[in-house]
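To start, the structure itself, in structure tokens.
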Amino acid sequence: QVQLVESGGGLVQAGGSLRLSCAASGSIFSMNGMGWYRQAPGKQREWVAVVTRGGSTNYADSVKGRFTISRDNAKNTVYLQMNSLKPEDTAVYYCNTQPMATVGWGQGTQVTVSS
């Protein structure tokens, strides 16, 4: 059974940085693009970033230039480096496959940015 385990969240001041990790079981990484998503209180889950099997990346306009996604296929892990964090980045962050989320959602990791 494929599982996704996100980690690395926390409380940070505006302008700070965090690095999120997502470890996956199974062979999911070798077969799929991987993405980060987030869900803020009272809002729908939204896509944040994607890294393809070949390593190409793309970002939502709201995080472009501040966030960097990467993957380590040998470790079945995808990362999200988040710099210059803003209060509006506060959300629970999740990873899943891209272009469609095809795996059961993990528990996510909470990111809280204080002003």
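For this structure, a couple of remarks:
- Look at region 34-45: where a residue is closer than 11 Å to A91 by Cα and a partner is part of a loop (DSSP other than H, G, I, E, B) and among the small types (G, A, S), sitting 6+ places away or on another chain with Cβ atoms under 9 Å, you get Y37/A101; Y37/G108; R38/G108; Q39/G108; R45/A101.
- Filter result for the condition that a residue is at pLDDT 95 or above and surrounded by 12 or more Cβ atoms within 10 Å (Cβ to Cβ), over V2, V12: V12
- Across region 15-24, the qualifying residues are those that are open to solvent by 40 Å² or more (accessible area, probe 1.4 Å) and of a type outside the set (S, T, Y), and the one among them that is nearest to P99 (Cα to Cα) is A23.
The values are calculated or read from the model by the stated rules, or taken from the named source; none is laboratory data. These figures come from a predicted structure and were not determined experimentally. Heads up, the Cβs are rebuilt from the backbone with ideal geometry, glycines too, and the neighbour counts pull from every protein chain shown. Ligands, DNA and RNA are excluded from the accessible area calculation, which covers all protein heavy atoms including side chains. Shrake-Rupley method; radii C 1.70, N 1.55, O 1.52, S 1.80 Å.
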